[in-house]
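S.K.: Let me give you the structure first, and then I'll get to my questions.
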Amino acid sequence: MKNLAFTPAARNAETSMSKVLQSMHTDGEWVKTSICLRKQLRQACKSYAATHDTTIQQVIDEALTAYLNDHAI
């Protein structure tokens, strides 16, 4: 039987996603994943990483974090 007096709490996805994004760089555990990139994008990312003394992994991590921050899920 449904509780007709139930009032759901408001969800604030932006707040919870912001908390996740803020904590990722300090205590986030790395996990393996697999993605397909266009050949030119992978090469550009690889070149950028080499010229900025970093890794492709770090470039993609920073780019995805910035994208998610800008597009608050």
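S.K.: When both residues are 6+ apart or on different chains and their Cβ atoms are under 9 Å apart, which pairs have a first residue that lies in the stretch 24-52 and is modelled with pLDDT of 95 or more, and a second that is of a type in the set (G, A, S) and surrounded by 11 or more Cβ atoms within 10 Å (Cβ to Cβ)?
M.R.: Final answer for the pair search is C45/A63.
S.K.: For the stretch 34-56, which positions are touching a helix residue (DSSP H, G or I) at 6+ places or on another chain (Cβ under 7 Å) and either outside any helix (DSSP H, G or I) or exposed (fewer than 13 other Cβ atoms within 10 Å of the Cβ) (or both)?
M.R.: T55 - this is the single residue of the stretch 34-56 that is touching a helix residue (DSSP H, G or I) at 6+ places or on another chain (Cβ under 7 Å) and either outside any helix (DSSP H, G or I) or exposed (fewer than 13 other Cβ atoms within 10 Å of the Cβ) (or both).
S.K.: How many of the residues in the stretch 48-73 are of a type in the set (S, T, Y), farther than 17 Å from G28 by Cα and under 12 Å from the mean Cα position of the chain (by Cα)?
M.R.: 1
The values are calculated or read from the model by the stated rules, or taken from the named source; none is laboratory data. As the structure is a prediction and not an experimental result, all values here were calculated from the model. Please note: Cβ atoms are built from the backbone with ideal geometry, for glycine as well, and neighbour counts cover all protein chains shown.
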